[in-house]
Amino acid sequence: MVARGEDCQGDDRSALGLNVTVHASTAAGVRRQARAAASPWDLNQAICACRACPRLVAWREDVAVAKRAAYADERYWGAPVPSFGSDEPWLLIVGLAPGAHGANRTGRMFTGDRSGDWLFGALNRAGLATSPASVSRDDGQQLAGVRITAAVRCAPPDNKPTPAERDTCAPWLLRELELTARSVRVVIALGGFAWTAALAALGECGWSIPRPRPKFAHAAEVHLERASASLVLLGCYHPSQQNTFTGRLTEPMLDEVFAKAYAKRLDP
Ligand code: SF4
């Protein structure tokens, strides 16, 4: 039996060059460490060591020990999941939170579950990912000009972070937007939770947010400005099984969002 926390402290993260010796343990610590991050790489390091939400820390590590039977022989990541992709992206994709047996297992955003199959399938069809499959951190997957992040970095029970957990995690996303502001032209929010988190972070970064605040909808489009720069926020249903099984989100719908994003990249 592997003890709680052991999976997320071992060789896997060391192999990524991640420093796990200093961790944020409070909301104030998250704000402080996020502000101090000087690069997307620094930010990922700080995120991976975070332990600021007791309920989520316990859940992510309990899941990593209990495991799903199909992955019983695997070593779960069991820690906050870093962003994946380009450090100078034109497209930032914001998800809700890692899946318990997806990203919380593999340690890479949208990797190892059906949601990831849908997202990476669409990215590959759009020419933005080298492979339609995203199964592990060492599968060779590469993104072109794209970075995938999330509103909350730790897997939550029932995929539902509390408002307090959302707010505690928010400075990571805010800092990520600041650090990538020079290159990002389009943000895609996957679902209403990510939409709200992205709008809040963009507002804090100084982007003009329309009043009343735009509501989430699939294919919703909001143009934001800051000084002489512009950026487009697009809404897209989350590729959760709940949406894909029911046909609420189809592959053509997902492809249309990425086609629109690509067009906006050139003419936001
Ligand atoms: Fe830290 Fe965010 Fe995980 Fe909370 S959800 S422990 S703030 S990384």
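The numbers here are math on the coordinates, done by the rules we state, and not lab data. Note that the structure is predicted; figures quoted are calculated from it, not measured. Note: ideal-geometry Cβ built from the backbone for every residue, glycine included; neighbour counts use all protein chains shown.
Annotations for the structure displayed:
- Note on Arg35 and Ala227: their simple-model spin labels are 2.0 nm apart, each label 7 Å out from Cα toward Cβ.
- Principal axes of the chain: Cα extent on each, largest first, Å: 53, 39, 30
- Ordering 79-91, 177-189 by mean Cβ neighbour count within 10 Å, with the highest value first, yields 79-91, 177-189.
- Considering helices alone, the calculated mean residue ellipticity of the chain at 222 nm is -11500 deg cm²/dmol, with DSSP H runs of length four and up weighted by -39500 (n - 2.57) and normalised per residue.
- Within region 93-235: Cβ-based charge dipole about Cα centre, in debye rounded to nearest 20 (Lys, Arg +1; Asp, Glu -1): 160 debye
- Gyration tensor verdict on region 33-185 (Cα atoms; rounded if a/c is under 1.5, prolate if a/b is larger than b/c, oblate otherwise): oblate
- Oblate is the label for region 185-268. Its Cα gyration tensor axes, ordered a ≥ b ≥ c, give a/c of at least 1.5 and b/c at or above a/b.
- Against the chain, whose longest principal axis comes from its Cα atoms, helix 27-36 is set at around 70 degrees.
- Taking the chain and dividing mean pair separation by its residue count, relative contact order in percent (alpha carbons under 8 Å, at least six apart): 18 percent
- Dipole magnitude for the chain: about 660 debye, using +1 per Lys or Arg Cβ and -1 per Asp or Glu Cβ, origin at the Cα centre.
- Proxy reagent accessibility, fewest Cβ within 10 Å first, across Cys48, Cys53, Cys205: Cys205, Cys48, Cys53
- Count, lysine Cα pairs under 28 Å in the chain, 8 or more residues apart or across chains: 4
- If you take the Cα centroid of region 163-236 and the Cα centroid of region 34-50, the two points sit 19 Å apart.
- Residue order, fewest to most beta carbons within 10 Å, for Asp158, Asp42: Asp158, Asp42
- Dipole magnitude for region 129-211: about 220 debye, using +1 per Lys or Arg Cβ and -1 per Asp or Glu Cβ, origin at the Cα centre.
- Two-site FRET efficiency, Ile209 against Ala69, from Cβ-Cβ distance with R₀ of 51 Å, rounded to 0.05: 0.65
- Formal net charge of residues neighbouring Ser183 (Cβ-Cβ distance under 10 Å; K, R +1; D, E -1): +1
- Per-residue Cβ neighbour rank within 10 angstrom, fewest leading, Tyr237, Tyr262, Tyr71, Tyr76: Tyr71, Tyr262, Tyr237, Tyr76
- At R0 = 22 Å, FRET efficiency that the Cβ-Cβ distance of Thr246 and Ala217 yields, to 0.05: 0.85
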